[in-house]
Each structure stands twice: as structure tokens, then as C-alpha cells.
Amino acid sequence: MKRCPECGREYDNTMMFCLDDGTELLYGPASGSGVSDEPATAILHSTAAPGEAPTRAQIHTTEQATVLLPGAESRRGLDDMPERRSLSAHRAAKPLITLGLALIVLVGGFFVYRYYKPAAGKQINSIAVLPFENNSGNADSDYLSDGLTETLIYRLSQIPNLKVSARSLVFRYKGQQTDMEKIAAELGVDAVMSGRIVQRGDSLTISVDLTDVRNKKSLWGEQYERKLSDLLATQREIATEIVNNLKVKLSGESEKALAKSYTDDNEAYQLYLKGRYYWNKRNVENIRKSIEEFKAAADKDPKFALAYVGLADAQILSVYYTRGSESELIPQARANARRALEIDDSLGEAHATLGIVNEFSWDHVEAEKEFKRSIELNPHYAIVRLWYSRFLRSHGRYDEALAQIKKGYEEDSLSLPISGNLAEILMEQGDVNGAIEQNNKTLEIDPNYWAAHQGLAYGYLKLGRNAEALAQVQKIAELLNGDSIALFNLGYIQAILGNRAEALSIVKKLEEKYVRNQASGADVAAVYVGLGEKDKAFEWLEKDFRSHASSLAHMRLEIPFDSLRDDPRFVDLLKRITSH
């Protein structure tokens, strides 16, 4: 038993303090036992009800009726002693101090919980899938590391309530040291996935780490030892594990999209990855390689819809870059886009591709229909925003075009063509300095993106910075190895600057390329505009009209034709193109 040294009451051993006055209880004999060497209390708790522990107030009310036990001091005398008062006050303060500390701990713990718990438990709404590191020691495996990254981005992007950083946003970190917090801050995401891949013959080692950067917590990590032939199944497994560990709430449609099988043929999948790898390099040689790989993927699995989309995209891009064989390539691209939609009509990418095919074929109504359908199916597909914006600009619907390119820029601010087209719109609005600034931002992403150099050339030309304008088009000629795009830009600016001999030499090369089906009539016409020979310019534009050339689909957007806009022949040509 325990007893109170003040009042002498005995209590259960589990109690720490006196219920009367809060004094700390001690082990020892009960008061009045005659064996205690502690002074017995002089106070009788006479005002307490039977069986009730007296209160401090009741103790004080009995002080006037004190009864002294034999040999004991009076309570008043004890309290009057400074040492006794101090000891009593100290003992009385103990439970208050303990209670106060307990309250501080409880309150502090509550706020710590409130502060940290939401960050740990809050739904993750955004993620960046960083490029897989190729640790194989062989650049030939880059298509695997890049392709696996792109596939995961694509799959996760099918989930409506999860924001996934676009390819161009994450690929700028390729080959760099991974600072998760910095990357997450720059991309504005909650979680970051990083990975490594090692290929040794037919064996693959894939390591994956998923981190919640808000609290630096590792959500999941795994290492897969697989065969190359298991790559298709492995990427599906990784995507599923990411979603499970992000604890993203999936609707029935989202679950279906995540589990969707585009092909069950692992070889076709690898060929597709190679096609995308080359397509992303965006030059004539690699576009041709991408066509070969996409075609091989489609041949291997004739029901692989994405392979047909990739093939059609590459064929359209080839038309734009090579300026040739469009009489063959555009019908082929249309057939491949339609084949993809026959397999899977829900592919927004396929509708977008069919839209650009229709636009290049001057089928304006069907083009807009397909662009809108693509946006409806996949509003996060940034490229369709670019293509639709250019379509709207070519029809003079500038406000709508600006709205679309802004949405595309929000989805993928580091896309080179999206950034470049935003600069073109700024130029159309008369904001030359803004356009120059935007083109310079584009070149910070990729110093060798030829279209940004083209934008700078025309911006400098409008500001009278002629030497800088000429340097920019010379850079384009270097980057594009003197193809027709480079030649018409160089020829036009040489002509504007009064370098007639150089311009005439270039226009002759372009006419020869036209005969070989390597240049458009519009390319030749642009140089004649610079030379001030408008009649010849319209002759060449009419050649394109008669052949339904894709180059006229965006004729309104070409800066060299600005001086023709008030000419009745130009107005008539536009009318005939858009009403076709």
C-alpha cells in the first residue's frame, strides 16, 4: 500500500498522488501505526462525507478546529515554517508540472501529426517517369531504355486523374545526375520514378524506384531479372505496380486502359520501340529508319494499331521534311491511319494522324472532325493541339488557334514544334521581340532545332538586323544539309538583302529539285517573292494547286508570302484551296 505523508491516508499501489492535496504518495506504514518516523498529521478531515476523500478546501476549513495528537506540532505551526511551506508547495506543484508537460506533449504531437500526416497520406496526383538509364555499355540498347520510358509515360497518361509529365519534359534529364527534389520542383510533380536497364545478350536487368518527393519517402522499388522476350509483359507489370503504389483511385475505364494490350508479340513491340526511337530524332535519315521499323512491327503483328499510327506519322513527317513522294506517301499514311482505327477506334493518336492526313489532302471538314475527335478521346495528347492550331491558323481562326497552342504548351512546354509554333503566333500578332524570345527559349532546349533558327531569321529581318538574319538561315542550311526547306529560306533572305546572284543560284537549284520531286512549287515561289517577281511566284504556286500539293495547306502561315496577301490572285488562291 501507499500512503500520503501529509494526511496519512492509504491508497492503492497503482496511484501516484494523493486525491486530497496532490502530494506524491510514498510506500510505508499507515499513519497511527506507531512505527512511522514521519510526523503525523494534525488535521482531522472531519468535513468529508463518509467514504469521501477530503478536498484541499475542506482541509483548510478544519484548521480552526485543530486537534493535536500527542507529541505532534500544529498544522499552522508547520505551515508557518518557510522550509515546510516550500516543501509543501513543491510537492503540490509536482502534479501540475507533470500535467502541464503531458499537455505540451499531447498538443505538440497533435500538431506534428497534423503537419506531417497529410503529406504522407495525401493522394498523389502527378508523376514524372524519368528516362531509364542505359547501363549496358552499348548505345544500341538506347531504344530499349528510351522505349520503356515512353511506354510507361503513355500507359500512365491513360489515367484521367493522374498528371504525367510529357516525354519532352523528362527527356531533358537524360544522362544527368538525378536530384529528385529539384526535378520534382521543376516539373511540379508529387512523385518521381527512376530506373536503370542493363542488357546482356538476351538477358535484361531492370531496376525501378518510385519516390514520393513531398516527404522523401520511397514508395516502391523492384529489380527484375528477365529475358528480352519478356519485355512486353514486364512493362505492363511495372505500370501496374506504379499505379498500385501511388494508390491512385481508378475508374473502370481507367483500369481497362491501364491493362489494355496493344500487342502480345514481343518482337513487334521491340520493333515499334525502335521506330519511335528513330522518329524522335527528327531528321530525314532517321525518319526513313523509323518507317522501316514501324512497317516491320505492323507486318509482325497486323493487329498492332499503334504500329500503324507510328508508320502513318513517319510517312507524314517524311512528306514535310523531304518535300517529295507525297503522291505516294499521303495515300499510304491515310491507309495506315484508317487501318489503326479499324483495329481500335478509341485511339486518339490515330484520329489525330488521320486529321493531319486530311489537312494535307485539303479535306478540311474531315480534318477538323478528326482533330476534335482526337482531343475528345485524349485531351492530354499535346501534338494534336499543335496540328489543330496550325489548321485553325491556316483558316484565319487565330483566337481559336492561340487557345489550342496554349493548351498544348501547358501539356508539353518543352515540345520543340509546340514552342516554335507559339513563337510563330506571337510573330503574327506583331510581337516580334516576344517571338524572338520564345525562339531563343526553344533553342535552349535544343540548339539544333532548325525551325527556331528560321523563326529567329524572320524576326531579325523585321527588326533590320540583317546580318543576324542571314547567319540564322545559313545555320539552317548547315543543319538540314541543304535540302529544300533550307534552300528556300536562304534564297528568300538573300533576295531580300539584295544579294540577287546568290538568290538566283538558289532558285535554280530548287527548280531542279522540283523536277526530281524533292521540292515544292511553294519553295520556288518564296524565292521569287524575295526577288520581287510576283508573276513567277504565282506561276509556281499554281503548279502546286494543280497537283494538290500539301505545301499549300499552310500557305497562309509562311512569312515569305506576307507581301502577297493583298494581291487578288493570292486571295483567290486561298479561297480555292479552302473551298476545295
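The values are calculated or read from the model by the stated rules, or taken from the named source; none is laboratory data. Every value quoted in this text rests on a predicted model; they were computed, and no experiment measured them. Here the Cβ is made from the backbone with ideal geometry for all residues, glycine too, and neighbour counts use every protein chain on show. These accessible areas exclude ligands, DNA and RNA; they are computed on the full protein's heavy atoms, side chains included. Shrake-Rupley method; radii C 1.70, N 1.55, O 1.52, S 1.80 Å.
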Only residues that are within 22 Å of TYR449 (Cβ to Cβ) and open to solvent by 20 Å² or more (accessible area, probe 1.4 Å): list them for the stretch 287-327, please. ARG288, LYS289, ILE291, LEU317, TYR320, THR322, ARG323
Is it true that some residue in the stretch 157-167 is among the hydroxyl-bearing types (Ser, Thr, Tyr) and assigned to a helix (DSSP H, G or I)? no
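In this structure, is LEU246 more than 26 Å from ALA139 (Cα to Cα) and crowded, with 20+ Cβ neighbours inside 10 Å?
Working: more than 26 Å from ALA139 (Cα to Cα): yes; crowded, with 20+ Cβ neighbours inside 10 Å: yes.
Criteria met by LEU246.
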Which numbered condition SER374 fails, given (1) open to solvent by 10 Å² or more (accessible area, probe 1.4 Å); (2) within 23 Å of ALA314 (Cβ to Cβ): (1)
Only unsatisfied item for PRO568, checking (1) open to solvent by 10 Å² or more (accessible area, probe 1.4 Å); (2) on the phi < 0 side of the Ramachandran plot; (3) touching a residue at least 24 places away in the same chain (Cβ under 8 Å); (4) not basic (Lys, Arg), is (3)
Output the residues belonging to the stretch 131-150 that are open to solvent by 10 Å² or more (accessible area, probe 1.4 Å) and among the hydrophobic types (A, V, I, L, M, F, W, C). ALA139
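Have a look at LEU148, LEU152 and point out the one that is at pLDDT 90 or above, in contact with a helix residue (DSSP H, G or I) (Cβ under 9 Å, 6 or more places away or on another chain), within 18 Å of LEU246 (Cα to Cα) and assigned to a helix (DSSP H, G or I). Quick ask: steps written out before the conclusion?
Numbers: LEU148 fails: within 18 Å of LEU246 (Cα to Cα).
None of the others qualify; the one that does is LEU152.
Mind checking which residues of the stretch 495-513 are open to solvent by 20 Å² or more (accessible area, probe 1.4 Å), of a type outside the set (Lys, Arg) and in contact (Cβ under 8 Å) with a residue 24 or more places away in the chain?
ILE496, LEU497, LEU504, listed by residue number.
Which ones in the stretch 528-559 are over 21 Å from ILE577 (Cβ atoms) and either touching a helix residue (DSSP H, G or I) at 6+ places or on another chain (Cβ under 6 Å) or crowded, with 21+ Cβ neighbours inside 10 Å (or both)?
Step one: list which residues in the stretch 528-559 are over 21 Å from ILE577 (Cβ atoms), which gives 530-533.
Within the stretch 528-559, GLY530, LEU531 meet the criteria.
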Flag for ILE485 being in a helix (DSSP H, G or I), without any contact (Cβ under 8 Å) to a residue 40 or more places away in the chain and within 17 Å of THR322 (Cβ to Cβ): no
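Of the residues SER229, SER261, which single one is modelled with pLDDT under 90, open to solvent by 30 Å² or more (accessible area, probe 1.4 Å), part of a loop (DSSP other than H, G, I, E, B) and out of contact with any Leu (no Cβ under 7 Å at 6 or more places or on another chain)? Let's see the steps before the verdict.
Working: SER229 fails: part of a loop (DSSP other than H, G, I, E, B).
After applying the criteria, what remains is SER261.
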Near pairs, Cβ below 6 angstrom, 6+ apart or cross-chain, from the stretch 281-309 (over 17 Å from LEU329 (Cα atoms) and at pLDDT 95 or above) to any residue that is acidic (Asp, Glu) and part of a helix (DSSP H, G or I): LYS300/GLU267
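Say whether the condition of being of a type in the set (Asp, Glu) and either in contact with a strand residue (DSSP E or B) (Cβ under 9 Å, 6 or more places away or on another chain) or open to solvent by less than 40 Å² (accessible area, probe 1.4 Å) (or both) is met by at least one residue in the stretch 333-348.
Taking the stretch 333-348 and keeping what is of a type in the set (Asp, Glu), we get 342, 344-345.
The next check asks that each one be either in contact with a strand residue (DSSP E or B) (Cβ under 9 Å, 6 or more places away or on another chain) or open to solvent by less than 40 Å² (accessible area, probe 1.4 Å) (or both); those that pass are 344.
The answer is yes; a qualifying residue exists.
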Here is a list: TYR492, TYR528, TYR514. Which entry is within 18 Å of ALA457 (Cβ to Cβ), among the hydroxyl-bearing types (Ser, Thr, Tyr) and assigned to a helix (DSSP H, G or I)? TYR492
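Residues to consider are ARG282, ARG236; find the one that is of a type in the set (Lys, Arg), within 30 Å of TYR449 (Cβ to Cβ) and outside any strand (DSSP E or B). Talk me through it step by step, then tell me what you get.
On the way: ARG236 fails: within 30 Å of TYR449 (Cβ to Cβ).
The conditions single out ARG282.
Could you list, in sequence order, all residues of the stretch 432-448 that are more than 14 Å from ILE559 (Cβ to Cβ) and surrounded by fewer than 21 Cβ atoms within 10 Å (Cβ to Cβ)?
We begin by selecting, within the stretch 432-448, every residue more than 14 Å from ILE559 (Cβ to Cβ); these are 433-434, 437-438, 440-448.
Of everything in the stretch 432-448, those that are more than 14 Å from ILE559 (Cβ to Cβ) and surrounded by fewer than 21 Cβ atoms within 10 Å (Cβ to Cβ) turn out to be ASN433, GLY434, GLU437, ASN440, LYS441, LEU443, GLU444, ILE445, ASP446, PRO447, ASN448.
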Does the stretch 173-200 hold any residues that are surrounded by fewer than 16 Cβ atoms within 10 Å (Cβ to Cβ) and either in contact with a Leu (Cβ under 8 Å, 6 or more places away or on another chain) or within 18 Å of ILE127 (Cα to Cα) (or both), and which are they? LYS174, THR178, ASP179, GLU181, LYS182, ALA185, GLU186, GLY188
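Please find, among GLU512, GLU478, the residue that is more than 28 Å from TYR398 (Cα to Cα), under 39 Å from the mean Cα position of the chain (by Cα) and not hydroxyl-bearing (Ser, Thr, Tyr).
Details: GLU512 fails: under 39 Å from the mean Cα position of the chain (by Cα).
None of the others qualify; the one that does is GLU478.
Inside the stretch 388-427, can you point out the residues that are in a helix (DSSP H, G or I) and touching a residue at least 60 places away in the same chain (Cβ under 8 Å)?
ARG390, ARG393, SER394, GLU411, LEU416, GLU424, MET427
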Considering only the stretch 151-165, state which residues are among the aliphatic types (A, V, I, L, M) and open to solvent by less than 20 Å² (accessible area, probe 1.4 Å). LEU152, ILE153, LEU156, ILE159, LEU162
